[in-house]
1. Among the numbered conditions (1) closer than 18 Å to residue 13 by Cβ; (2) loosely packed, with under 15 Cβ neighbours inside 10 Å, tell me where residue 104 comes up short.
2. Could you tell me whether any residue of the stretch 90-103 is under 21 Å from residue 29 (Cβ atoms) and out of contact with any helix residue (DSSP H, G or I) (no Cβ under 9 Å at 6 or more places or on another chain)?
3. Residue 75 fails exactly one of the following numbered conditions: (1) more than 18 Å from residue 6 (Cβ to Cβ); (2) more than 15 Å from the chain's Cα centre (by Cα); (3) at pLDDT 90 or above. What is the number of that condition?
4. At least 1 residues that are of a type in the set (Gly, Ala, Ser) and under 20 Å from residue 116 (Cβ atoms) in each: list the strands (runs of 3 or more DSSP E) lying fully within the stretch 1-94 that qualify.
5. List the number of the failed condition for residue 63; all other conditions in (1) surrounded by fewer than 15 Cβ atoms within 10 Å (Cβ to Cβ); (2) modelled with pLDDT of 95 or more; (3) out of contact with any Cys (no Cβ under 7 Å at 6 or more places or on another chain) hold.
6. List every residue pair whose Cβ atoms lie under 6 Å apart, where the two residues are 6 or more positions apart in sequence or sit on different chains, the first residue falls within the stretch 89-104 and is closer than 15 Å to residue 55 by Cβ, and the second residue, located anywhere, is outside any loop (DSSP other than H, G, I, E, B) and open to solvent by 30 Å² or more (accessible area, probe 1.4 Å).
7. Name every residue in the stretch 17-44 that is free of Cβ contacts under 8 Å to residues at least 24 places away in the same chain and open to solvent by 60 Å² or more (accessible area, probe 1.4 Å), in order of residue number.
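The values are calculated or read from the model by the stated rules, or taken from the named source; none is laboratory data. Please read these numbers as outputs of a predicted model, since none were measured by experiment. Neighbour counts are summed over all protein chains in view; Cβ atoms, including those assigned to glycine, are modelled from backbone coordinates with ideal geometry. Areas reflect the complete protein model, heavy atoms only, side chains present, ligands, DNA and RNA absent. Shrake-Rupley method; radii C 1.70, N 1.55, O 1.52, S 1.80 Å.
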Amino acid sequence: PEDCAMFQCRGCWAVLGDSLHLCAQEEQRLGLLVCFKVTNDVTWEDSLMIGLEGALLGCAYNTLSCRSCGLIVGFILYSASSALAYLRGFFSFFKDSILCYLLKKQMIIEASKVNFPAVTLKE
């Protein structure tokens with residue numbers, strides 16, 4: 001409860017998920033918060049996108065967006081390089097696209113500035 005937070009869309013502040021469903025953080029390449037469950041305010045495209053450059057080069061994924069304002073907030077990996085394979089099938093939010101509402105402190109903060117307890121899917 002001390003570290004509980006809601007993840008909100010940067011564009012319209014719709015609630016997209018929460019830290020109780022946080023299952024991984026990827027900092028080095030993409031700056032992600034990864035969840036196994038999201039709210040109904042998150043939608044995803046049926047068609048697959050293919051990464052043509054950067055950290056998602058060669059990866060197939062579905063884009064996640066906010067149902068309320070349409071902002072792209074992340075992706076669901078369908079196929080990936082071995083370095084990102086552990087993220088397949090989960091909801092990956094770009095930290096730059098979301099805000100965190102910290103429940104105990106009752107304040108909104110940039111997702112990139114929040115340090116959640118270490119969780120990882122790699123093990």
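1. Unmet for residue 104, out of (1) closer than 18 Å to residue 13 by Cβ; (2) loosely packed, with under 15 Cβ neighbours inside 10 Å: (1).
2. Looking for residues that are under 21 Å from residue 29 (Cβ atoms) and out of contact with any helix residue (DSSP H, G or I) (no Cβ under 9 Å at 6 or more places or on another chain), one finds at least one in the stretch 90-103, hence yes.
3. Single failed check for residue 75: (2).
4. The qualifying strands (runs of 3 or more DSSP E) are 5-9, 15-18, 22-26, 72-79, 91-94.
5. (1)
6. 95/112
7. Once the filter is applied, which keeps residues that are free of Cβ contacts under 8 Å to residues at least 24 places away in the same chain and open to solvent by 60 Å² or more (accessible area, probe 1.4 Å), the stretch 17-44 yields 20, 27, 28.
Every residue, every condition in (1) open to solvent by 10 Å² or more (accessible area, probe 1.4 Å); (2) more than 11 Å from the chain's Cα centre (by Cα); (3) under 18 Å from residue 3 (Cα atoms), yes or no:
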position	(1), (2), (3)
15	yes, yes, yes
46	yes, yes, no
55	yes, yes, no
59	no, yes, no
79	yes, yes, no
110	yes, yes, yes
